[in-house]
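Colleague: Have a look at this one before I ask anything.
The values are calculated or read from the model by the stated rules, or taken from the named source; none is laboratory data. Everything quoted here is computed from the prediction, not taken from an experiment. Positions of Cβ are backbone-derived with ideal geometry, glycine not excepted, and every protein chain shown enters the neighbour counts. Heads up: the accessible areas ignore ligands, DNA and RNA and are worked out on the full protein's heavy atoms, side chains in. Shrake-Rupley method; radii C 1.70, N 1.55, O 1.52, S 1.80 Å.
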Amino acid sequence: MSGDTPTIEPTGGGVGAHVSNIDLRTELSDDSVALLFQALGDYGVLFFADQNITPDQHLAFAGRFAPVVPNVFLDQVPGYPDISLVQKRKGQRYNIGGDWHTDHSYDKEPALGSILVARETPERGGDTLFTNMYTAYDTLSDGLKEVLGQLSSVHGTSHVYGVAGNRPRLVAQDEDMRGRKPEDYAIKETIHPVVIRHPISGRKVLYVDPGYTQKIDGWTDEESEPFLKMLFAHATRPELTYRFQWKPGSIAFWDNRCTCHYAVNDYEGGGRVMHRVTVEGVPLVA
Ligand code: SIN
């Protein structure tokens, strides 16, 4: 068991912290796990360098925080049904996660976090942007905060993976459907408060994301769309973000309730292979 206390240093950008003095190949002490858990809630994303962990060590690390939730929309790493393969194959144009989003917000109890391990990285490009949804909330006017506190929004997948969604079309162009039909994906929808109380930090968070928030509950699409666009633009201002450059062995562990992320699609397919494990969250409360 590793007895050292991890060192946690804020990135200096809008979100996240770097963690050093830690070896994720070893079993962490309960104190270290508690420290990381609190830091995740406080900083939103934890970045680790040079962690050449095996898939089993990846699962063991994730399991210290919460049970794993498999992702039904992604492929799995062969032999590891609980590890999603986040890969852009040679000749593929779209990449996974190439829009601002947070993982699993379409679930009733959205995933606490995702742990992404870089296995292969392109020579240049393939960074990931993260944004801080605590700051997004804090920097709104008091008047708008009051309005948002009364609202809920619908989160779903049909606009992405459904028949008329954007991803099947992109996937089909890439001849990458692998036998699945768009309607197989269009299965998730739920409602969450627009402002949640973060389960770890207790702070208020703006909980809408450009990827999966479809509309304000009870509003028409015409009313909802410009309103959500304004919130998304506010939440993804550069001041709130941090851009992470990957190397093989880099890990980002992000909290899905207080951050959004964006995988930048600026590289040829074939050279970026990532493994993602997502862990269970709790019901969200206003
Ligand atoms: C994701 O959206 O989970 C993938 C992020 C990335 O590949 O950088």
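Colleague: Within region 79-97, can one find any residue that is within 11 Å of the ligand (Cβ to nearest atom) and open to solvent by 40 Å² or more (accessible area, probe 1.4 Å)?
Modeller: yes
Colleague: Moving on. Out of the residues in region 186-198 meeting the condition of being modelled with pLDDT of 95 or more and open to solvent by less than 60 Å² (accessible area, probe 1.4 Å), tell me which one is nearest to GLY113 (Cα to Cα).
Modeller: HIS198
Colleague: Still on this structure: Quick one: ARG93 ticks every box in (1) part of a strand (DSSP E or B); (2) modelled with pLDDT under 95; (3) not aliphatic (A, V, I, L, M) except a single one, so which number is it?
Modeller: Result: ARG93 fails condition (1) only.
Colleague: Tell me which residues, restricted to region 264-274, are surrounded by 22 or more Cβ atoms within 10 Å (Cβ to Cβ) and closer than 22 Å to VAL15 by Cα.
Modeller: Passing the criteria: only MET274.
Colleague: Could I ask something else about it? Anything in region 199-217 that is open to solvent by less than 10 Å² (accessible area, probe 1.4 Å) and hydrophobic (A, V, I, L, M, F, W, C)? List them, or say none.
Modeller: Scanning region 199-217 gives VAL205, LEU206, VAL208, ILE216.
Colleague: For region 119-144, name all the residues that are more than 18 Å from TRP254 (Cα to Cα), of a type in the set (Val, Ile, Thr) and within 16 Å of the ligand (Cβ to nearest atom).
Modeller: Listed by number, the list holds a single entry, THR121.
Colleague: Can you tell me which residue within region 99-118, out of those that are away from the ligand (no atom under 11 Å from the Cβ), more than 11 Å from the chain's Cα centre (by Cα) and more than 26 Å from ALA233 (Cβ to Cβ), is least open to solvent (accessible area, probe 1.4 Å)?
Modeller: Across region 99-118, the extreme among qualifying residues is GLU109.
Colleague: Please determine, by comparing only the residues of region 40-54 that are over 18 Å from GLY113 (Cβ atoms) and not hydrophobic (A, V, I, L, M, F, W, C), which one is surrounded by the fewest Cβ atoms within 10 Å (Cβ to Cβ).
Modeller: Among those that are over 18 Å from GLY113 (Cβ atoms) and not hydrophobic (A, V, I, L, M, F, W, C), it is THR54.
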